[in-house]
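Reading through the structure tokens given below for one structure.
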Amino acid sequence: MSAAKRLSIDRIACAGRGVCAELFPERVDLDEWGYPVIPDPTVPEHLLGHARRAVAGCPVLALRLDPAPPER
Amino acid sequence: MNTATLQLAAGPSPLWYATRAGGTVALVLLTATVVLGIASGGQYAPKRIARFEIAALHRNLSLLTLAFLVLHIVTAIADTFVHLTWWDAVLPFASSYRTLWLGLGTLAFDLLLAVLATSAIRLRLGVRRWKAVHWLSYACWPLALFHGAGTGTDTKLPLQLLLTAACTAAVVAAVWWRLYRAGPEHRTARIWGGVAALVLPMLLVAFLANGPLRAGWAQRADAVTTVPASPAADRLGGPR
Ligand code: SF4
């Protein structure tokens, strides 16, 4: 079992403030309007600390970290 | 010589000085916290400072405010100059000493504690509930301001007046800037915010002119119904 997690965004709640991209550039890019894009949502264990900081730092709590779905 | 000086001459204690200094520093820090909070709410995004840095500063300054408030409160209670109990720190309007003016500070402290506690568990609380409590900050700051102006020993000092004016100007300017940046939603809230930001400085000036800056405030401050000062209370007031 891997401890990797999955990063997702509530696009309705997201206000496009870009804090997540500042705190977690390893996984979050910003599009040209400042909204986050996540090319690869899996967060390996060694990046979890950064991911949690980004989740806690989002002003509207639009960022979520969920257990990764079982790999097939 | 005014009453404050007389009282101080009678019993100056390091604790009392710590109380006054702690309160003043806490007000400045609270002001900075509130201004930063308003700035990030208005999506203030200067080129050279990242948003998470503003957020971190906002949080750290709020904790620093708490630290100075603890100093302010503990030294006030420990000092024998005025008689205060631990209950007076959390139960508003229960103190025998300057019930109203101290009570405002207690109320502000309670609100701040609520805001800090809910922020600590923000992830579990959810944005809506957290934000509902966070709005109390807008009540906390003016309460703290009037607590300081109403019962502060140093209210009359030119430097302290300048500081009070600067704090007020900072928050009022931030609120106006925020309203200017706001979108078309929440029209009533915006109107009330604008009115409050307009009325508050006028209220403060009127209060200062009629209360602490007039002679005999030290006596009148003990009575609850002194705004505006009644002629009877005025006559009871100390030497001019
Ligand atoms: S920090 Fe939150 S609101 Fe800002 S862009 Fe990221 S997900 Fe959206």
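The values are calculated or read from the model by the stated rules, or taken from the named source; none is laboratory data. None of the values given here were measured: they were computed from a predicted structure. Because the Cβ atoms are built from the backbone with ideal geometry, glycine has one as well, and the counts that use them run over all protein chains shown. We work out accessible area using only protein heavy atoms, side chains counted, and drop any ligands, DNA or RNA first. Shrake-Rupley method; radii C 1.70, N 1.55, O 1.52, S 1.80 Å.
Could you check region B:78-98 and list, in sequence order, the residues that are part of a helix (DSSP H, G or I), of a type outside the set (Gly, Ala, Ser) and either buried (at least 18 other Cβ atoms within 10 Å of the Cβ) or on the phi > 0 side of the Ramachandran plot (or both)? Once the filter is applied, which keeps residues that are part of a helix (DSSP H, G or I), of a type outside the set (Gly, Ala, Ser) and either buried (at least 18 other Cβ atoms within 10 Å of the Cβ) or on the phi > 0 side of the Ramachandran plot (or both), region B:78-98 yields only B:Asp88. Criterion applied to B:His72, B:His58 was being open to solvent by less than 50 Å² (accessible area, probe 1.4 Å), within 14 Å of another protein chain (Cβ to nearest Cβ) and touching a residue at least 24 places away in the same chain (Cβ under 8 Å), and the one residue passing it is B:His58.
Mind checking whether some residue in region A:7-15 is surrounded by fewer than 16 Cβ atoms within 10 Å (Cβ to Cβ), within 8 Å of the ligand (Cβ to nearest atom), within 11 Å of chain B (Cβ to nearest Cβ) and not aliphatic (A, V, I, L, M)? Scanning region A:7-15, I find at least one residue that is surrounded by fewer than 16 Cβ atoms within 10 Å (Cβ to Cβ), within 8 Å of the ligand (Cβ to nearest atom), within 11 Å of chain B (Cβ to nearest Cβ) and not aliphatic (A, V, I, L, M), so the answer is yes. Answer yes or no as to whether A:Ala3 is in a loop (DSSP other than H, G, I, E, B), within 14 Å of chain B (Cβ to nearest Cβ) and at pLDDT below 90. When the stated conditions are applied, A:Ala3 does not pass them. Can A:Arg53 be described as within 13 Å of another protein chain (Cβ to nearest Cβ) and modelled with pLDDT of 90 or more? Yes, satisfied. Of note, B:Ile49 satisfies the criterion of being within 14 Å of chain A (Cβ to nearest Cβ) and either under 30 Å from B:Gly193 (Cα atoms) or within 20 Å of the chain's Cα centre (by Cα) (or both).
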